[in-house]
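Each remark here refers to the structure printed beneath this line.
The values are calculated or read from the model by the stated rules, or taken from the named source; none is laboratory data. Everything numeric here is computed off the predicted structure, so don't read it as measured data. All Cβ positions, even for glycine, are placed from backbone atoms using ideal geometry, and neighbour counts span all protein chains on display. Ligands, DNA and RNA are excluded from the accessible area calculation, which covers all protein heavy atoms including side chains. Shrake-Rupley method; radii C 1.70, N 1.55, O 1.52, S 1.80 Å.
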Amino acid sequence: TDLDFTWVAQDDSNAIQNAIVDAKGDLITATAADTPARLAVGSNDQVLMADSTTATGLKWGSVSGGGMTLLSTTTLSGSSTSVSITATGYTALAVHMYGVQLSSGGDGVSISINNSGNALLMTARGEGGGTPSLYMYNNSSFGMNNGTDLDNTTNNASWINIYNPTSTTNWKPIDIRSGWINNAGQNCSYLGGGVFKSNSEVTSIMFDQFGSPTFSAGTVKVYGVK
């Protein structure tokens, strides 16, 4: 059988050379038409983003926005505990109270924003499996346990959201969810919402108690939310 062969010279001028990359994770990109280039790998957990100001039109970077950042952790103690807050850059504050314990069973925990209050809350409370009751506050503070007693164990917790905390022109919406055990051993919970009636930026939260007990235990974590 006769075979015809056509020999073509190898053209390496348009081949991408191995030497263009020199580390694990390097990428081959372009700086212009028909102009390949190396983009070095970024740092751990960075993502690749478009950026027309760079030579390759790409860059490695960290994604901003979204999520929660722990701003402070405070242990409740004494008759009252004040937590200072810097809310700059956040659209909301999430306040987590857990393991709250009083030195003896008492009327519960009082919460005031900026240590001055001006809270207006509409709440619904369920206690010991009974029918939920509606309450409305227009006081200088609001209660973690919404007007009922709190036992002296650590089975008491609450989650509070404060929205638009840095505004100096508007009131701040609030919502709160709590669960606790009262002195009769009944499981209690409530869901509430309302506003902090102030145009001042939120800078602190005071945790106090109704009556004479002091805090034996309890942790408050404040998160900034974007």
Worksheet item: In percent, how large is the relative contact order of the range 23-94, given Cα pairs closer than 8 Å and 6 or more residues apart?
Response: 19 percent
Worksheet item: Once fully extended, how much extra length lies between Ala55 and Thr203, figured as 0.36 nm per residue of separation less the alpha-carbon to alpha-carbon distance?
Response: 48.8 nm
Discussion item. Can you tell me which lysines have their Cα less than 20 Å from the Cα of Lys197? Leave out same-chain residues fewer than eight positions away.
Written reply: Lys172
Discussion item. Let me check something: with ligands and nucleic acids excluded, how do Val95, Val225 order by accessible area (1.4 Å probe), largest to smallest?
Written reply: Val225, Val95
Item to complete: For the range 161-226, report the convex hull volume of the alpha-carbon atoms normalised per residue, in Å³, without decimals.
Response: 128 Å³
Worksheet item: Roughly how many nanometres apart are two label points built 7 Å out from the Cα toward the Cβ at Ser103 and Thr35?
Response: 7.6 nm
Discussion item. Need the full-extension length gain, Ser62 to Asn155, defined as separation in residues times 0.36 nm minus the C-alpha distance. One decimal, nm.
Written reply: 29.6 nm
